[in-house]
Every structure is written in C-alpha cells, then in structure tokens.
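Inspection log for the structure reproduced underneath, given as structure tokens.
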Ligand code: GRF
C-alpha cells in the first residue's frame, strides 16, 4: 500500500480528483495518511475532513521565521512517514532538507507544459495570463518530481490542452484543470503505487 500525504493551499480540486479516483478504483494500492494545508481556511481541508482524512494546518505565519517553519514542517513529514508527498496546489516552497529526505518522492502538479511558463512567480492565474499574453495555441499540465530547483525535477507526465479564441485566464485555468490536471495527477499516483515508473539518469521511464 502506497502511503501518501497531500499538501494543499486552496480549493483542493486536485485533492478531490485524487479522492474520487481512489473511491472509483482508478487509483489502487494507495492510502492518504493526512492532508496538510498552509491555509487554515482552505476548502481542501474541508474536503479531507469530509472524507474522514486527518487535516493538518501548518502555516509559516504561525512560526517566528521561515527556518523554524521549515524545520517543523520537515519534522512533521518525517513523523508521518509517507512513501510519497503529493503537492496538489501547494504554494509553499518545499524546505531543502525535506527535498533531500524525500528525494524523488515528492510529486508536484504544475498547470503548464514545463519548461514553459514555470519557475519563480509562475503560480495560480499568472501561469495562464502569461500563456495568453504570449499567444501560445497549446498549453497543458505537467506532473513532476520535486528537486532543489523550481519546477525543475524529472517529468512524470504531461498533457496538452488547446487554447481557444476568447479565452480568459480563468477559462483557460478551468480547462487545464478539467482536461489535464484532474486526470494526470491521479494517473501518476496510480502508476507510482503500482510500480510502473522508474527513474534513471534523472529521467522517468515506464517499466
Ligand atoms: C492548480 O492549478 C495546480 O496546478 C496549481 O494550483 C492549482 C490548485 O488548484 N499548482 P486546487 O487547489 O487543486 O483546486
């Protein structure tokens, strides 16, 4: 059984996609140990608790400085001891020590085709605003492992989504979620849980 902790910050629609996929048997061999949010008001926490899953709030704002938060957050994760950590719309930078301890065991979803529209400052609606500004005709989503860089770890899977005439950042964000994110992330978790992936030379391969 793959034990996972899901980290969230907001609406939690990606978390919901994971919960629904587990219920529907599209993700197998997987147990969610806990959901951690940096935001006490996150709807995602409510979704977790409605599902009988332990929802934990850990906000950098409740600690004297980032270093103390980083230590507490990493220690909490070590205590929970998941096989993998899933970042499902988590807006806090992962502490370097956590990246080391959980090397190639932290999975993130990003709402663009990396390496486009990613890196520092590219989160939330900004990603879609920049894609529209540039006039790309195809965008999408990427699931990747997390390393020390920003959106730079080995890519697990990507799914393209067409940009349409008249798109606003909000419309595009929704389409990327519906057509890519909510499909890709559950699939990646199921692939990991069932041993279908391996990492060689910093690249992800299917067995
Ligand atoms: C998603 O677009 C995800 O790719 C990004 O943040 C958003 C989170 O949405 N990292 P939700 O909280 O899962 O609804």
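Points worth noting:
- Residue satisfying all of: in region 188-200; without any contact (Cβ under 8 Å) to a residue 60 or more places away in the chain and in contact with a helix residue (DSSP H, G or I) (Cβ under 9 Å, 6 or more places away or on another chain); farthest from the ligand (Cβ to nearest atom) among these: 196
- Residue match in region 93-104 (condition: more than 17 Å from the chain's Cα centre (by Cα) and free of Cβ contacts under 8 Å to residues at least 24 places away in the same chain): yes
- The set of residues in region 35-45 that are surrounded by 20 or more Cβ atoms within 10 Å (Cβ to Cβ) and either touching a helix residue (DSSP H, G or I) at 6+ places or on another chain (Cβ under 9 Å) or assigned to a loop (DSSP other than H, G, I, E, B) (or both) comprises 35, 36, 37, 38, 42, 44.
- Every condition in (1) away from the ligand (no atom under 16 Å from the Cβ); (2) outside any helix (DSSP H, G or I) holds for residue 27 except the one numbered (1).
- When region 80-92 is filtered for residues that are more than 13 Å from the ligand (Cβ to nearest atom), over 10 Å from the mean Cα position of the chain (by Cα) and either closer than 27 Å to residue 178 by Cβ or buried (at least 16 other Cβ atoms within 10 Å of the Cβ) (or both), the ones remaining, listed by number, are 80, 82, 83, 84.
- Among the residues listed as 106, 183, 156, the single one being over 23 Å from residue 74 (Cα atoms) and touching a helix residue (DSSP H, G or I) at 6+ places or on another chain (Cβ under 7 Å): 156
- The residues listed here are 98, 150; of these, the one that is modelled with pLDDT under 95 and within 24 Å of residue 35 (Cα to Cα) is 150.
- Residues that are within 12 Å of the ligand (Cβ to nearest atom) and within 22 Å of residue 86 (Cα to Cα) within region 160-178 comprise 173, 174, 175, 176, 177, 178, listed in sequence order.
- Test result for residue 18, touching a residue at least 12 places away in the same chain (Cβ under 8 Å) and buried (at least 21 other Cβ atoms within 10 Å of the Cβ): yes
- Any chance residue 157 is crowded, with 21+ Cβ neighbours inside 10 Å and within 15 Å of the ligand (Cβ to nearest atom): no
The values are calculated or read from the model by the stated rules, or taken from the named source; none is laboratory data. Treat the numbers as computed from the prediction; the structure is a model and nothing was measured. With ideal geometry, Cβ positions are generated from the backbone for all residues, glycine too; neighbour counts draw on all protein chains shown.
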